[in-house]
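To keep things clear, I will list the structure first and then write my remarks on it.
The values are calculated or read from the model by the stated rules, or taken from the named source; none is laboratory data. Computed from a predicted structure; not experimentally measured. Heads up, the Cβs are rebuilt from the backbone with ideal geometry, glycines too, and the neighbour counts pull from every protein chain shown.
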């Protein structure tokens, strides 16, 4: 099957592209390389450098595809509102319009940021209250997606090549570098490993709807530091700074995806941190023979 992965040179996109190639698919990766790296595009995939806001480029990349995995985004939750709107909404809208024109199935990677300060655990049918421009742009994009789309709301994803707090602390703590905690460190997140996110994305070939992808557990920042301390056998040096405006708690309710699609997270936090520290991943890195 021929598929397009937008943002396929980025963190989640590159892991997904490698899995798709390993499964024998004809994979087209489209990325403007603003944050992604061409060396992360797997052997066997066809690479197109392009922007999702350019309709003609998107149409060219999508030619003869059966599905598009749309991951390209401005991914900084504290980023610029205008950039978030342009890339995360208008860019997504371009991809969705091209997909509708070419009769291509849409698999869209949204974010837990759409929930904002909504009650915990976050369930797909509760009222979303995004507080950041990023979360607002992702929610607006969800509402623009074709009706038969498969949409996953990814919680805090980490793994090899990731750039979030887990990866940052896993890099700094073993080197005895100072790490900074903003506020009291009791803010929680649901940390999900990248291969589990890839497993969920692959369900998009045959399904539609909106699904949370997390672990169903919340971990405070201080607890996260303790786990990395334990796995890395290195004592962190923590400095505290003034709290930033951010969501206090985040935890996925994964009952819907478990019940309807049989998906379960396979990698627990301690194991996942070990994989990050080793620089390895259970996601296949080589094409199928």
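Worth pointing out:
- Helices (runs of 4 or more DSSP H) contained in the range 1-87 and holding at least 1 residues touching a strand residue (DSSP E or B) at 6+ places or on another chain (Cβ under 8 Å) and surrounded by fewer than 16 Cβ atoms within 10 Å (Cβ to Cβ): 55-62
- Selection from the range 97-115 of residues that are part of a helix (DSSP H, G or I), surrounded by fewer than 22 Cβ atoms within 10 Å (Cβ to Cβ) and out of contact with any helix residue (DSSP H, G or I) (no Cβ under 6 Å at 6 or more places or on another chain): 97, 100, 101
- Residue 157 falls short of the stated requirement of being in contact with a strand residue (DSSP E or B) (Cβ under 7 Å, 6 or more places away or on another chain), surrounded by 16 or more Cβ atoms within 10 Å (Cβ to Cβ), farther than 25 Å from residue 14 by Cα and modelled with pLDDT of 95 or more.
- Residue in the range 242-255 that is farthest from the chain's Cα centre (by Cα), counting only those that are farther than 19 Å from residue 166 by Cβ and surrounded by fewer than 17 Cβ atoms within 10 Å (Cβ to Cβ): 242
- If you go through the range 258-267 and keep only what is part of a loop (DSSP other than H, G, I, E, B), exposed (fewer than 15 other Cβ atoms within 10 Å of the Cβ) and touching a residue at least 24 places away in the same chain (Cβ under 8 Å), you end up with just 266.
- Looking across the range 269-289 at every residue that is in a loop (DSSP other than H, G, I, E, B) and surrounded by 13 or more Cβ atoms within 10 Å (Cβ to Cβ), the one that is modelled with the lowest pLDDT is identified as 287.
- Scan of the range 218-233 for residues that are in contact (Cβ under 8 Å) with a residue 12 or more places away in the chain and surrounded by fewer than 18 Cβ atoms within 10 Å (Cβ to Cβ), ordered by number: 220, 222, 229, 230
- Condition met for residue 161 (assigned to a loop (DSSP other than H, G, I, E, B) and within 18 Å of the chain's Cα centre (by Cα)): yes
- Summed over the range 96-132, the residues that are more than 24 Å from residue 220 (Cα to Cα) and in contact (Cβ under 8 Å) with a residue 12 or more places away in the chain give a count of 13.
- Hits in the range 127-150 - residues which are surrounded by fewer than 22 Cβ atoms within 10 Å (Cβ to Cβ), in contact with a strand residue (DSSP E or B) (Cβ under 6 Å, 6 or more places away or on another chain) and not in a loop (DSSP other than H, G, I, E, B): 129, 142
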